[in-house]
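Data first, discussion second: the structure below is written as structure tokens.
Values in this text are rule-based calculations from the coordinates and carry no lab data. Owing to the predicted nature of the structure, the values given are computational and were not obtained by experimental measurement. Ideal geometry is used to build each Cβ from the backbone, glycine not excepted, and the neighbour counts take in all protein chains shown.
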Ligand SMILES: Nc1ncnc2c1ncn2[C@@H]1O[C@H](COP(=O)(O)OP(=O)(O)OP(=O)(O)O)[C@@H](O)[C@H]1O
Ligand SMILES: [Mg+2]
């Protein structure tokens with residue numbers, strides 16, 4: 001039986017940051033993300049996880065290799081295909097959240113729907129449902145600078161999920177929260193897998209291992225190990 005085509009794929013990608021001291025952040029890394037994958041990127045701080053996600057998101061072109069969305073290289077996608085990917089194909093949760101501070105929690109979550117043409121009432125209903133699911137029903141009308149770090153993180157997760165994307169790329173989605181909220185976030189991300197999508201998340205938090213079917217372990221920009229959570233857990237040293 002042949003595997004279905006990957007939703008998102010990195011083929012031998014590398015990224016170097018020039019500077020006073022040149023840093024090869026990612027070297028020849030490959031990944032195939034398929035429907036129903038929940039894959040984790042783990043490894044010490046500075047090992048290349050965020051840099052790898054930046055290339056997979058299509059934000060940073062790799063210096064070598066290529067990234068493909070459903071088998072088409074990003075560089076060859078037409079403008080309307082790229083727009084569709086940005087709107088509903090792939091949601092990205094940034095390590096720094098990227099919320100708009102002057103908008104309320106609900107407005108931040110409604111925004112990607114409104115940009116995509118969803119009416120105000122429906123956008124509000126869907127945004128509210130995700131925020132309630134993430135235990136923020138009592139903070140809908142707070143502006144995001146009035147929220148704690150962990151609350152902002154959950155708003156960012158709701159904003160990524162509200163468009164019902166095929167793929168979510170999440171950079172440290174449970175860095176700021178306690179274990180109860182980590183579970184809330186992980187089970188919300190799991191919804192994407194249930195709908196035959198895929199999740200790729202960078203994390204230092206071993207709680208995520210329970211949800212994952214595969215782990216890529218980064219060290220010094222290289223994928224040092226890859227396998228099931230059990231296989232890779234044995235190699236996880238203190239970060
Ligand atoms: N904007 C940048 N300019 C120059 N060098 C950078 C930049 N961003 C990252 N680097 C370098 O690339 C390497 C990989 O960084 P990256 O942010 O990808 O690591 P990470 O695994 O996500 O770390 P963390 O767990 O701390 O988030 C780092 O060692 C860093 O020195
Ligand atoms: Mg990072």
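If the viscosity is 1.306 mPa s and the temperature 10 °C, what translational diffusion coefficient in µm²/s does Stokes-Einstein give for region 38-158 when Rh comes from Kirkwood over Cα pairs? Don't skip to the end; give the middle numbers.
On the way: Rh = 16.2 Å.
Once the numbers are plugged in, D ends up at 98 µm²/s.
So what's the angle, to the nearest 10 degrees on a 0 to 90 scale, between helix 120-133 and the longest Cα principal axis of the chain?
It is inclined by approximately 70 degrees.
Can you tell me the 0 to 90 degree angle between the C-alpha axis of helix 149-161 and the longest principal axis of the chain, rounded to 10?
The helix 149-161 is inclined about 90 degrees to the chain.
Using all Cα-Cα distances in the chain, what percent lands in each 5 angstrom bin from 0 up to the longest?
Whole-percent P(r) values from 0 Å outward: 1, 7, 14, 18, 19, 17, 12, 8, 3, 1, 0.
Compute the helix-to-body angle for 105-115: its Cα long axis versus the longest principal axis of the chain, expressed 0 to 90° and rounded to tens.
For 105-115 against the chain, the angle is about 70 degrees.
What ranking, highest mean first, results for peptides 49-58, 108-117, 81-90 when packing means the other Cβ atoms within 10 Å averaged over each residue?
Details: 49-58: 23.2, 108-117: 18.9, 81-90: 17.0.
Going from most to least packed, we get 49-58, 108-117, 81-90.
So the label point goes 7 Å from the Cα of residue 35 along Cα→C-beta, right? Which residues of region 50-74 then have their backbone N under 16 Å from it?
The answer is 70-71, whose backbone nitrogens lie closer than 16 Å to the label point.
Cβ neighbours within 10 Å, averaged per peptide: list 159-165, 122-128 in order, most packed at the top.
Numbers: 159-165: 21.6, 122-128: 18.6.
Descending packing order for the listed peptides: 159-165, 122-128.
Cut-off 10 angstrom, C-alpha nodes, Gaussian network model of the chain. Which of 12, 137, 119 fluctuates the most?
119
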